[in-house]
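The values are calculated or read from the model by the stated rules, or taken from the named source; none is laboratory data. What you see is a predicted model, and the numbers here were worked out from it, not measured in a lab. Here Cβ is always computed from backbone atoms with ideal geometry, including for glycine, and neighbour counts include all displayed protein chains. With ligands, DNA and RNA removed, areas are computed over all heavy atoms of the protein, side chains included. Shrake-Rupley method; radii C 1.70, N 1.55, O 1.52, S 1.80 Å.
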Amino acid sequence: MTQIDLSTREARWRHFGSVDPIKGTKPTEKENMPDLQSSKKDFLFEIEHVGIKNLIYPVRIDDFQTVGNFEFSTSLNQDEKGINMSRIIESVEKHYDNGVNLDFESLKALLNTLQSVMFQNTASVDVDAKWFFNRYSPITKQKAVGHADVRYILSVNNSKVTRKSLGIKVPVTTLCPCSKEISEYSAHNQRGIITVLIDLDTEITLPSDYKDIVLDGMEANASSMLYPILKRTDEKAVTERAYENPRFVEDLIRLVAADLVELDWIKGFEIECRNEESIHQHDAFARLKYNK
Ligand SMILES: Nc1nc2c(ncn2[C@@H]2O[C@H](COP(=O)(O)OP(=O)(O)OP(=O)(O)O)[C@@H](O)[C@H]2O)c(=O)[nH]1
């Protein structure tokens, strides 16, 4: 076998089939490239939302750094072919400081940047992230880090906020009331996953702990909330609390709704609880929607 010198990357690439680029005929300088997106004529329809989704970017929630999955969009007029999508991430970068702050004020500032660089009246963001927080065990008060999923949806039209929504998803324990009622002893319980999507009043200033208030409404109404650390005294308390507070999926969403309905900064909501049943292969669920 003839010996080929494969000591450089280039030599190895060639060896594996790489070839030189062809001498092209199209311009390579930006100023000479056609800007198709910016071409103007009648494109039949205006578009409500055009943008990017599944953009994974670092975010900050309270003291924790975490990861956001973003959808950003703007409107597009009938006479414009396309948006300049690279400007979306350029706008995100303008508001990036060791992560994008996940709160409504910071997202609004980001949307205002997007509106101005895109020359569009409306802009929207829909972002999901893991929300970490300190959680203390119920009796021994041992601290650990718990988490829920949080979602922010914000839309602006000119200087007006047209949609402001908060979503939270958290797992809890639900103990079956029927099983408790009919059995000589014990009761089956399961992991319930509660999801709320709340339509917030855009005119009312939110309390600083709005996320915690909603999370408390979701967890405190369950048979038990979940804890990262439980010592024996904690485990006894959690087990007995669940037995004392049995909940169907229907009970739980109604009790969460009763808490949310009292809050004047909430205009409406959708709540779902899905129980991963421990005595079935299927799940049980209940969902309700309420507008004040
Ligand atoms: N509008 C549009 N852009 C797309 C689509 N698919 C990919 N692109 C993006 O087109 C982008 C490049 O276009 P622009 O953002 O307009 O780049 P540019 O014209 O050099 O940017 P500006 O100098 O800000 O005008 C890339 O970021 C691609 O991701 C699509 O379906 N529609």
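A few comments on the model shown:
- P228 meets all of the listed conditions (1) assigned to a helix (DSSP H, G or I); (2) closer than 27 Å to A144 by Cβ; (3) not aromatic (F, W, Y) but one, namely (1).
- Residues that are over 19 Å from the mean Cα position of the chain (by Cα), of a type in the set (S, T, N, Q) and on the phi > 0 side of the Ramachandran plot do not occur anywhere in region 168-176.
- Within region 1-27, residues that are open to solvent by less than 70 Å² (accessible area, probe 1.4 Å) reach partners that are assigned to a loop (DSSP other than H, G, I, E, B) with beta carbons closer than 7 Å, at six or more positions or on different chains, in the pairs A11/D5; P27/M33.
- Within the set E219, E244, the sole residue that is open to solvent by less than 60 Å² (accessible area, probe 1.4 Å), within 19 Å of P138 (Cβ to Cβ) and assigned by TED's automatic domain parsing to the domain that holds I168 turns out to be E219.
For (1) open to solvent by 70 Å² or more (accessible area, probe 1.4 Å); (2) assigned to a helix (DSSP H, G or I); (3) in contact with a strand residue (DSSP E or B) (Cβ under 6 Å, 6 or more places away or on another chain); (4) not charged (D, E, K, R), each residue gets a yes or a no:
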residue: T239; (1), (2), (3), (4): yes, yes, no, yes
residue: D251; (1), (2), (3), (4): no, yes, no, no
residue: L263; (1), (2), (3), (4): no, no, no, yes
residue: K267; (1), (2), (3), (4): yes, no, yes, no
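- Single residue of E184, E203 found to be free of Cβ contacts under 8 Å to residues at least 12 places away in the same chain, farther than 30 Å from G268 by Cα and open to solvent by 80 Å² or more (accessible area, probe 1.4 Å): E184
- Residue among Q78, Q115 that is touching a Phe, Trp or Tyr at 6+ places or on another chain (Cβ under 7 Å), without any contact (Cβ under 8 Å) to a residue 60 or more places away in the chain and within 16 Å of the ligand (Cβ to nearest atom): Q78
- Residue check for V150: in a strand (DSSP E or B), hydrophobic (A, V, I, L, M, F, W, C) and either open to solvent by less than 30 Å² (accessible area, probe 1.4 Å) or modelled with pLDDT under 95 (or both): yes
- Among the residues listed as S73, S106, S155, the single one being under 22 Å from the mean Cα position of the chain (by Cα) and within 16 Å of the ligand (Cβ to nearest atom): S73
- The one condition in (1) under 19 Å from N158 (Cβ atoms); (2) outside any helix (DSSP H, G or I); (3) within 13 Å of the ligand (Cβ to nearest atom); (4) open to solvent by 20 Å² or more (accessible area, probe 1.4 Å) that R87 fails to fulfil: (2)
- Those residues of region 183-206 which are over 21 Å from E276 (Cβ atoms) and either among the hydrophobic types (A, V, I, L, M, F, W, C) or in a loop (DSSP other than H, G, I, E, B) (or both), in sequence order: E184, Y185, I198, L200, D201, T202, E203, I204, T205, L206
- Within region 40-62, the residues that satisfy the criterion of being surrounded by fewer than 11 Cβ atoms within 10 Å (Cβ to Cβ), assigned to a strand (DSSP E or B) and touching an Asp or Glu at 6+ places or on another chain (Cβ under 8 Å) are K40, N54.
- Evaluated against (1) within 24 Å of F70 (Cα to Cα); (2) open to solvent by 70 Å² or more (accessible area, probe 1.4 Å), V127 falls short on exactly one condition, (2).
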